[in-house]
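Single-structure report; data block below.
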Amino acid sequence: MTQDKLKRFGFVSGNSPIMERLYEQVERVAATEATVLLVGESGTGKEVIANAIHQGSQRKDQAFVAVNCGAIPAHLIEAALFGHEKGSFTGASRQHIGYFEHASGGTLFLDEITEMPIDMQVKLLRVLESGTFVRVGGDHEIKVDVRLVAATNRDLEGAVKQGSLREDLMYRLAVFPIRIPALRERGSDIEFLAQHFLQELNEKSDVQKNFSRASLEVIRTYSWPGNVRELKNVVQRAWILGGDTLNIEDCITDQSAKKPTVHEGYLNFSVGTPLADAQKEIILATLKHYSGNKRLTAEALGISLKTLYNRLKEY
């Protein structure tokens, strides 16, 4: 891992093949003006990747504006994105410039796009197609030059079927879709990142703490459902609580530590996992391995298709 890449990608840095492919995608799309849609679980670093796209573009000297769509109340999101004129609604005592205008010339990152109300998605689609909008309470169009990067932690087709994402907006956003892998898929990157976080903490306080051998094993095998964000928080918690040798396992709840992990086609369980839970995880992991093909899943597990359907119905 070069220092340049570490500086650019921060806590999403790594040397695993899956991340090298991600970096190549980022570098290629950054040089264009294409709209990008990032898809990945919470805590995988979607905003970091969005910022890396901005920093690698011709817009790097202009603004990078990040907005969490899920954090803005539905009745305020239009004014937040497009701004409003003085007196346009109760409490609008002055003109307000929205996120699109603040990001003009630069990059606007819309995180959790599937949390945006459907009626607002229609207006967003119009802006993407025309490059213009009208402030709330206004009567003239405003033109902006914005490169849009959107993100979601949800399955796109599922979000469309459930009605939380318009299909036409999905296709407009996904000019260049990028999947950000979960931490559990990144192999040796997990230990690399843990050591990196530990080194940062040591350098800030001029100490030299280390992980215990057992902690390194936990770091490698734990499923990290909270991804890089969880890893960083757990390392910090262990650093605060520990002496010269850190015990990561003391900072992960027993319930979480018993979650099974999938690595290179193998499913690992902690001793003491209930049989019913183990069976469920084996079935679901096998189904995922065969991309949802139930016939292949049943054959691999040595059960009938009817039995598989019954189990999935229970789950």
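Each residue in the stretch 222-247 was checked for being surrounded by 15 or more Cβ atoms within 10 Å (Cβ to Cβ), farther than 19 Å from Glu185 by Cα and of a type in the set (Gly, Ala, Ser), and 2 of them qualify. Just so you know, in the stretch 156-166 the residues that are crowded, with 17+ Cβ neighbours inside 10 Å and among the small types (Gly, Ala, Ser) include one that is nearest to Ala238 (Cα to Cα), and it is Ala159. The set of residues from the stretch 45-56 being of a type outside the set (Lys, Arg), buried (at least 19 other Cβ atoms within 10 Å of the Cβ) and in contact with a strand residue (DSSP E or B) (Cβ under 9 Å, 6 or more places away or on another chain) comprises Ile49, Ala50, Asn51, Ile53, His54. Taking residues in the stretch 104-118 that are at pLDDT below 95, and partners anywhere that are assigned to a loop (DSSP other than H, G, I, E, B) and open to solvent by less than 10 Å² (accessible area, probe 1.4 Å), the pairs with Cβ atoms closer than 6 Å and at least 6 places apart or on different chains are Thr114/Leu165. Would you check if Leu169 is in contact with an Asp or Glu (Cβ under 8 Å, 6 or more places away or on another chain), open to solvent by less than 30 Å² (accessible area, probe 1.4 Å) and more than 13 Å from Phe100 (Cα to Cα)? No: the conditions fail for Leu169. For the stretch 193-214, the set of residues classified as under 26 Å from the mean Cα position of the chain (by Cα) and open to solvent by less than 60 Å² (accessible area, probe 1.4 Å) consists of Leu193, Ala194, His196, Phe197, Leu198, Leu201, listed by residue number. If only residues of the stretch 16-34 that are assigned to a helix (DSSP H, G or I) and β-branched (Val, Ile, Thr) are counted, the one that is nearest to Arg147 (Cα to Cα) is Val29. Total residues in the stretch 133-150 satisfying the condition of being of a type in the set (Gly, Ala, Ser) and within 31 Å of the chain's Cα centre (by Cα): the figure is 1. Tell me, please, whether a residue that is loosely packed, with under 14 Cβ neighbours inside 10 Å and either modelled with pLDDT of 85 or more or among the charged types (D, E, K, R) (or both) can be found in the stretch 259-272. Among the residues of the stretch 259-272, at least one is loosely packed, with under 14 Cβ neighbours inside 10 Å and either modelled with pLDDT of 85 or more or among the charged types (D, E, K, R) (or both), which makes the answer yes. Candidates in the stretch 280-315 are the residues that are part of a helix (DSSP H, G or I) and open to solvent by 90 Å² or more (accessible area, probe 1.4 Å); of these, the one that is modelled with the lowest pLDDT is Glu314. For the stretch 126-142, a residue qualifies if it is open to solvent by 20 Å² or more (accessible area, probe 1.4 Å) and within 21 Å of Glu33 (Cα to Cα), and the qualifying residues are Arg126, Leu128, Glu129, Ser130, Thr132, Ile142. No other residue among Asp145, Asp119 is over 27 Å from Ile53 (Cβ atoms), open to solvent by 70 Å² or more (accessible area, probe 1.4 Å) and of a type in the set (D, E, K, R) apart from Asp119. Restricting attention to the stretch 176-204, the residues that are more than 18 Å from Thr221 (Cβ to Cβ) and in contact with a Phe, Trp or Tyr (Cβ under 6 Å, 6 or more places away or on another chain) total 1.
When the residues of the stretch 132-153 are filtered to those that are touching a residue at least 60 places away in the same chain (Cβ under 8 Å) and out of contact with any Lys or Arg (no Cβ under 7 Å at 6 or more places or on another chain), which remaining residue is farthest from Arg59 (Cα to Cα)? Per the stated criteria, the residue is Asn153. Just to be sure, is Gln199 under 19 Å from Thr245 (Cβ atoms), of a type in the set (S, T, N, Q) and outside any helix (DSSP H, G or I)? Here the answer is no, as Gln199 does not meet what is asked.
The values are calculated or read from the model by the stated rules, or taken from the named source; none is laboratory data. Just so you know, these numbers come straight off a predicted model, no measurement behind them. Positions of Cβ are generated from backbone atoms using ideal geometry, with glycine treated the same way; all protein chains shown enter the neighbour counts. Heads up: the accessible areas ignore ligands, DNA and RNA and are worked out on the full protein's heavy atoms, side chains in. Shrake-Rupley method; radii C 1.70, N 1.55, O 1.52, S 1.80 Å.
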